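Asks: Sending over a structure as structure tokens; questions will come in a sec.
Please treat every number below as a calculation from the coordinates, not as lab data. All of these numbers come straight from a predicted model, not from anything done at the bench. Every residue, glycine as well, gets a Cβ built from its backbone with ideal geometry; the counts of neighbours run over all protein chains shown.
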């Protein structure tokens, strides 16, 4: 009984996202982007993971490689800047690269239609099985945060399930350690189809700072077919929520 | 900070190191780690780290080229059990007389095929996991094994607990953590100090700040640098906020195991607020990018008074829920006498952090080997409980939340008086070895760091509290049944990422 | 009809003789005695049915055998006859309806090669059945006791038959010892009554007026029968005796012959009418405790035969509780309560006879094919032995009291009968009734655990290794026997109202059929005699439950648009583990371990872990330090509390007493003359004193 009263203490703390914009989600520094189109001579050591490069005479940042250390913004504030907002998930690995190429946009649109056809049966209920394939532990915290009263994904019909037999979505964190390759394959095998796979975090997308090496793959794309890519080290809960909603087609693929 | 900077590696024999270790332990010093490096073909070094008031001393023994075996330490010092398994995994040395050389941090084959040896210089061969079944350790009528993991029921890090049970009782527990080995130690090699800093933050993601601090301390020791007071205070602030978040996470997991949904939600809410506060201060919800060798990157992005107000508000809210939790008898019944860790075992093992302190053994390096702002601030009271059960560990954590708030407020309070123009010192770390430490929420984190003459990392061995403490986990299931498992696990509050790295 | 009875007895005698003459030497006739016994059993069911209908079959031994050894005149035991009244008829039908399929299973069992090495097994089978016939139909104390002792001998022979079994000698001795205790109690009880009645026929015994003597006789008789039923503390022979007996012959003991114990109790109530109140209370409480103890042990035993044997004790307890309700009704002169108690108990007798025969028959099939009755070795064998496996499942579900089986009907009736305790104002009865109700309810719960273990792990469990099966399943004859019993378990429930009419007719001598007829609320609906309390229609369940199941299946097919058939098969989810050596799923032992812990006070569970390794994980003194070394030894055992704390302590004083008594029997003529002189003097002194 005391707990029931305690539960009412703070009133409604839950976000209204995605029905309404959430101020925290809007201001969260989730992506680094080049500020100017032109290329420039860059120090190779500027980015520890090689997310920054030049392509066809312009700077590009691969959000899928970026671990959000902010070194580039600190060292070259003239070229790079934080972009707030949490809609960072994409349906295509290439779409994480900014600026985006036009053909990538077409590919994304195709993927979106294919995904929509595949997941028609999910309706408004979504069950997620999470697998850690070599994360640093912080991704698990952010995934678990989705269950706290602030994000409370249950209100959206999203649930975490212990058994892969009940799962619709496989949420994979970590860079894909070789030791987890076989357990991950067994999990994928145990999940009924249709199945949507989300690679959560920069490690899962590209291996981040630890992959590839003798012990880990270059992201989990080597191990399973990924449908949704979420960058971030770790991705914030709003980014994860964006990925989940994107996976089931409840928001437009390009949130911003 | 009056630490001797560069220490030379000794050339003592293994026996001499063991004798020195024995004498030091008999004098009340603590065995902190046993590490190995090198290649048996070209010569290897065993490094025992001994912690005592004021410093952590490495004791080195060099094995000649071609030596693949050495006398095991474990028979004399059970705490070395996992360390020697890890050495076997990473370096390929065989400790003679070791009771069980099962794979620990690295999957490998027991059929005599060569080990990957990422501990040796050069690129090791790709891991080819051996999923061959391990033999059982418990024999008797109807005894069977329940595998928990590696893909566990819920959002957990991957680890495989094998419960050998005759049904209901947890008679014997084995841990196979190697599935998520990421090769972090190898990854450090050849990195610049700045990049190493980023990797250190990702060794044990939930204790990013503590790992960053331990790494930074090692670098600063090598450089003989003294960091600005403001930076020291900012480090304390973030370290203590991280402690609060971790302990709230443990409380949330404990209440979730008991099915107290409202309590789980409340602690989840508080934890989210702490993470948001950290995010508001630093831009990262885990305080990443704050600590750099020589200081910190930036001032907190919120003014001090606003931080203090927020801390007061959070502490008030958390205290109310903690009080309610301590009045919930149905919950206390589940944690009381669950997962008892014998005080004697905690002492001889040198159990770290809240786990040691729950069993009457306290070694808090914020007090015994103070660093950063802890040197200037009043030393925090170290809560100690003697019962050794999950409840004692929880009580220690609750008390630590209290002191963490106090320390964080003190640190913020000092900030306006500090010179905040200079937040880091420019320094040039020379080649050499150093040990850095910090008190993570899980317990003491140690970094043994070697820089080469180019300022690059030659060798970096993190030792997390998770590694040292999880060794004790199987010893704490006396009289416990399967349903006690989540309580005991949550009360340990460890990270697998920090264990296998 | 009376000739039919004579023919069956002669047939059993002849069958026994065939076995004794040709049983071992020739394989062909080995199954003949059992087939003859099966035929005789069919005839006996017919005789019983005639008895229930009130035809009054009576085979007078005075006229049949002239003035032979059993005759009236010579020994003065009164007229002797085999008489089948309604009650006898009912028990003939119950016992021999089970004996028919059991005999078939036995016939199939002995015809397998290398099966029988010693003679007398079929003869013992016939002796058992014959004794049962005589016990149930005897109208005379003397004949009854004679057959009772014969049955004791038959049990002794059965328990001691398998000479290669290690614990056979103990089992046979404890079986015969408690058999003798039972015989002695019956003898004393009958003699007490006969002394007052002045005759040995049952009709004369009934005429003894109510007195302390009659109460004592009532208690002695019930106590004597309780041994056969397995009531605490006289149950200790049961698990051992049953387990030691060979193959399906266990079914003869536990499914067929055990019914004479119940018959005796029913007959006692019929003759003596009003029991002492304390006896009713004692039977209720002992019955409840027996049920709990029996099911507790059945849940944790590791041997299938022992599990089934302990469930016999449990059922003995349940039936005794129903009988206790009837005794309370009789003591307080409430015929409806007698009716509901007896109906519940008799239904349970029926369920037990069918299910126990089925379980033991199926057990023998499994044992035959795998060479063991250890549960750990029997896991998943049901897949490869469909007949025995299905039999085991049906029997187990029946005794677990699940719907669609007769066990459900009987257990419902029993609990309803116990709930009538509010109708008795007196606390001294209401309290034991409530307590017994609680014990029965707990028992029902644990019965589910006990039998789910059997069904779940042996029949439905993951397919066991093929090499566990050494020979084929029971064969067509055995399958027929198992099928008959299985159909009986479900069929009786389906036509429960009809069957209840048979019971009501059969119980007429004990409780008037006009009273008992209250158990039928309407044509197809049952109620616990008292109306407006509760009602149940097992027949309706038999129709509705399959329909619901089909409905659910149909809906899932319809709404799933046929996708339920598009199945992708993957291994069972095991946390994605790479596997471990050894057992990696629940064992029968492990499944029962929570029970072992919950009932630790009753079972005195002890478990020990032998530390074979040092703190660090190495095996002490093991030169080969590898992952392959053994490290910990786990043992666990439970204690039979009654045996340990009641009977074992009695053992030594009893032996001392016997030794003292033996000293009197020293074989010296002068000593015997001395005893006679002392006795004479004592009598004279008493007479003189009274005068």
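Asks: Regarding chain A, what whole-number volume in Å³ per residue does the convex hull of its Cα atoms give?
Replies: 140 Å³
Asks: Relative contact order, percent, of chain C when contacts are C-alpha pairs under 8 Å separated by at least 6 residues?
Replies: Once divided by the residue count of chain C, the mean separation gives 12 percent.
Asks: What whole-number value in cubic angstrom gives the convex hull volume per residue for the C-alpha atoms of chain B?
Replies: Details: hull volume 67.5 nm³, N = 501.
It comes to 135 Å³ per residue, whole-number rounded.
Asks: Continuing with this model, one more query. Report, in degrees rounded to the nearest 10, the 0 to 90 angle that the Cα long axis of helix A:178-190 makes with the longest principal axis of chain A.
Replies: The angle comes out at about 40 degrees.
Asks: How far, in nm, would the chain grow between residue C:467 and residue C:53 when pulled straight, counting 0.36 nm per residue and subtracting the alpha carbon separation?
Replies: Between residue C:467 and residue C:53, full extension yields 143.8 nm more.
Asks: Stokes-Einstein diffusion coefficient for the range C:420-488 at 10 °C in a medium of 1.306 mPa s, Rh from the Kirkwood formula over Cα pairs: what value in µm²/s?
Replies: Answer from the Stokes-Einstein relation: 97 µm²/s.
Asks: How would C:218, B:485 line up from fewest to most surrounding beta-carbon atoms within 10 angstrom?
Replies: Lowest to highest Cβ neighbour count: B:485, C:218.
Asks: Over chain A, with a Gaussian network built from C-alpha contacts below 10 Å, which listed residue (A:108, A:13, A:205) shows the highest mean-square fluctuation?
Replies: Result: A:13 has the largest fluctuation of those listed.
Asks: Which value at 222 nm does chain C reach when only helices count, each DSSP H run of 4 or more adding -39,500 (n - 2.57), with the total divided by all residues and rounded to the nearest 500 deg cm²/dmol?
Replies: Theoretical 222 nm ellipticity from helices: -21500 deg cm²/dmol.
Asks: Under the definition of partner shielding as Cβ atoms of other protein chains within 10 Å of a residue Cβ, what is the mean value for peptide B:183-193?
Replies: 3
Asks: Taking 8 Å as the Cα distance limit and 6 or more residues as the minimum spacing, I'd like the relative contact order of the range A:142-256 as a percentage.
Replies: Relative contact order, the range A:142-256: 26 percent.
Asks: Most exposed first by the Cβ proxy, i.e. fewest other Cβ within 10 Å, how do B:328, A:173, B:42, B:264 rank? Kindly include the intermediate steps, with their values, before the conclusion.
Replies: Details: B:328 16, A:173 32, B:42 11, B:264 21.
Fewest-to-most ranking of B:328, A:173, B:42, B:264: B:42, B:328, B:264, A:173.
Asks: If I histogram all Cα-Cα distances within the range A:46-149 using bins 5 Å wide from 0, what percent of pairs lands in each bin?
Replies: Per 5 Å bin, starting at 0, the Cα pair percentages come out as 2, 9, 14, 17, 18, 17, 13, 6, 3, 1.
Asks: For the range B:245-380, what is one quarter of the convex hull surface built on the Cα atoms, given in nm²? Please list the in-between numbers first.
Replies: Working: hull surface 40.7 nm².
Result: 10.2 nm².
Asks: Next question. Could you work out how far apart the two model spin labels at residue A:75 and residue B:329 are, taking each label as a point 7 Å from the Cα in the direction of the beta carbon, and quote it in nm?
Replies: The two pseudo-label positions are separated by 6.3 nm.
Asks: Here is a follow-up. Mind grabbing the base-10 log of I(q)/I(0) for the protein assembly as shown at q = 0.06, 0.08 Å⁻¹? Debye formula, identical points on the C-alpha positions, no solvent, two decimal places.
Replies: Cα-only, vacuum Debye calculation for the protein assembly as shown: -0.70, -0.99.
Asks: Also: Just to verify a number: FRET efficiency for residue B:55 and residue C:600, C-beta to C-beta distance, R0 = 41 Å, to 0.05?
Replies: Efficiency, from the Cβ-Cβ distance: 0.20.
Asks: Listing C:651, B:247 from the residue with the fewest other Cβ atoms within 10 Å to the one with the most, what is the order?
Replies: Sorted ascending by nearby Cβ count, the order is C:651, B:247.
Asks: Now a separate question. Run the quick spin-label model on residue C:170 and residue C:480: label points 7 Å from Cα toward the beta carbon, then report their separation in nm to one decimal.
Replies: Each label point lies 7 Å from its Cα, and together they span 4.0 nm.
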